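The values are calculated or read from the model by the stated rules, or taken from the named source; none is laboratory data. Here the structure is a predicted model, which is why all the values come from computation and not from measurement. No Cβ is skipped: glycine too gets one built from the backbone with ideal geometry, and neighbour counts run over all protein chains shown. These area figures cover heavy atoms from the full protein model, side chains too; ligands, DNA and RNA do not enter into them. Shrake-Rupley method; radii C 1.70, N 1.55, O 1.52, S 1.80 Å.
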Amino acid sequence: MSSDILKLQNGSDIRGVALEGIEGEHINLTEEIAFRIGASFVKWLSNKTNKNIKDLRIGIGRDSRVSGPALLNALACGVSSMGAKVINCNMATTPAMFMSIVFDSTKFDGSAMITASHLPFNRNGIKFFNADGGLEHEDITDVLKIASSLETDSFNKAPKENHFEEYDLISVYADYLKGKIKDSLNAGEKPLSGLHIVVDSGNGASGFFVDKILSPLGADTTGSQFLEPDGMFPNHIPNPENKQAMEAIKNAVLANKADLGLIFDTDVDRMSAVLSDGSEVNRDSIIAMIAAILAPDYPASTIITDSVTSDRLTYFLQDVLGLKHLCYMRGYKNVINKQKELNASGVVAPLAMETSGHGALKDNYFLDDGAFLAVKLVIALAKAAKEGKKLDSLIEKLPPLVEEAEYRFKISGEDFKEYGNSVLAEFKKRAEKAGYKMPHSYEGVRLSFTGEDVQGWILLRMSLHDPVMPLNIEGGRKGDLVKLAKIAYELTNGFDRLDRSSMENRA
């Protein structure tokens, strides 16, 4: 079992298959494993805080997944078996579980969220928090190592059901967000009156944003959809990067003539939006909009993004807003940790955001919180409406996306990271020889084209965890994508372990 537990690590999260139902995917995140992980988190947290185990208070929440209640109970029993106190927060969000460590009414020593974000219904996982924020990759490794070393019969000896103290955390969290809106707008008890905002929860855990925030503050939420938690996700995957999900919220906005549409992922640490004309505000544009909201309060500050943001965004941040753009690397923990590092060194970095919709704000504990970002948008919408403007005025100078594509080259054989790095080294050597412009890149090799013959950019990099090399291309004008694809194809010729079949008909 020890090696099976260690295989559940996915970066700084724990992820696994919790239900049968998809061919070829068998359960590897069981109640027994959740129990052991709960017990090991207690031991890890006690060592980390130098607190006696019996003095530790640990909150546990879950999203809407079908396997959530059973895994929550098992994790809680594991925590309780060590002697720590469990507080069951039931349906919650990942950001709320971190805030349970911050709120005066809770001040938990640690917390856990049962979630697998946007993954299919059969998957689940666990995210852990302490006073420093989300646990890091090495912390999760340590927790899983402790879990794998526990007595094999500890689960069988322990009670399988306990009555744990329950706490309505989501209401406290909603009041916190509601207060942010009221304080910013200073317009009485119904500061959102006259605004029409629709929400698509995708049957995840974000329905509270309508019932506990928007409606009480006076917004018309007619047309909001899929608010009821349903872990089978019958309407669409709760994922702002999913085309079907974005189409669903776009249709809701247009059908209801709403001022704004908001869409969240399952555990509400990511979000995207749709403007009144149906324009999608995601990827580069959501980063641009949040940066535009923050710019007046943080002039000349640094915005940190992942590596696949476009040259269009760099132009908007630097030339239009007067900010600095640090195009860093993929992985939400990577951009957030870089943000913490810069701020600690005296460089003001108010926002770290991935194109996936993970966005952390300096003024919100460096926490990637989709609901907090949505609050920022709602406040900006209300202020714009008061001035007779629309929200899209914030990003009207962001150049539009023309053409883009992502190709994923699978690497065959062993030692895929070593092979991938050798491909990148040769790719860079060939690009230099061809005289292509190569801006600094924190991961992979990025090429930029600004000539009359072709405009746009290319990024070849290694996947964070998989034997895959993603190739991102964006053309600046119609027809440039094909030209750039041909350049990229030529630069990757001759690598026998690289499967480029995904782009052969484009190059």
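Summary table
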{"quantity": "Flag if residue 286 is open to solvent by less than 10 Å² (accessible area, probe 1.4 Å), among the aliphatic types (A, V, I, L, M), out of contact with any Leu (no Cβ under 7 Å at 6 or more places or on another chain) and in contact (Cβ under 8 Å) with a residue 40 or more places away in the chain", "calculated": "yes"}
{"quantity": "Any hit, segment 324-335, residues being among the aliphatic types (A, V, I, L, M) and in a strand (DSSP E or B)", "calculated": "yes"}
{"quantity": "The one condition in (1) open to solvent by 70 Å² or more (accessible area, probe 1.4 Å); (2) under 30 Å from residue 9 (Cα atoms) that residue 459 fails to fulfil", "calculated": "(1)"}
{"quantity": "Scope segment 60-105; condition among the β-branched types (Val, Ile, Thr) and within 16 Å of residue 369 (Cβ to Cβ); matching residues", "calculated": "93, 94, 101, 102"}
{"quantity": "Count of segment 296-308 residues which are within 10 Å of residue 326 (Cβ to Cβ) and open to solvent by less than 10 Å² (accessible area, probe 1.4 Å)", "calculated": "3"}
{"quantity": "Every residue from segment 289-331 that is closer than 23 Å to residue 260 by Cβ and without any contact (Cβ under 8 Å) to a residue 40 or more places away in the chain", "calculated": "295, 296, 317, 321"}
{"quantity": "Residue ID - surrounded by the most Cβ atoms within 10 Å (Cβ to Cβ), chosen from residues in segment 317-330 that are in contact with a helix residue (DSSP H, G or I) (Cβ under 9 Å, 6 or more places away or on another chain) and under 26 Å from residue 461 (Cβ atoms)", "calculated": "317"}
{"quantity": "Qualifying residue in segment 138-159 (condition: under 26 Å from residue 362 (Cβ atoms) and surrounded by 14 or more Cβ atoms within 10 Å (Cβ to Cβ))", "calculated": "yes"}
{"quantity": "Qualifying positions in segment 217-273 - in contact with a Pro (Cβ under 8 Å, 6 or more places away or on another chain), aliphatic (A, V, I, L, M), under 25 Å from residue 287 (Cα atoms) and open to solvent by less than 10 Å² (accessible area, probe 1.4 Å)", "calculated": "245, 246, 263, 268, 271"}
{"quantity": "Filtered residues of segment 108-130 (kept if at pLDDT below 95 and aliphatic (A, V, I, L, M))", "calculated": "119"}
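Conditions (1) touching a helix residue (DSSP H, G or I) at 6+ places or on another chain (Cβ under 8 Å); (2) part of a helix (DSSP H, G or I); (3) of a type in the set (Val, Ile, Thr); (4) closer than 27 Å to residue 343 by Cβ, marked per residue:
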{"residue": "240", "(1), (2), (3), (4)": "yes, no, no, yes"}
{"residue": "252", "(1), (2), (3), (4)": "no, yes, no, no"}
{"residue": "271", "(1), (2), (3), (4)": "yes, no, no, yes"}
{"residue": "285", "(1), (2), (3), (4)": "yes, yes, no, yes"}
{"residue": "299", "(1), (2), (3), (4)": "no, no, no, yes"}
{"residue": "304", "(1), (2), (3), (4)": "yes, no, yes, yes"}
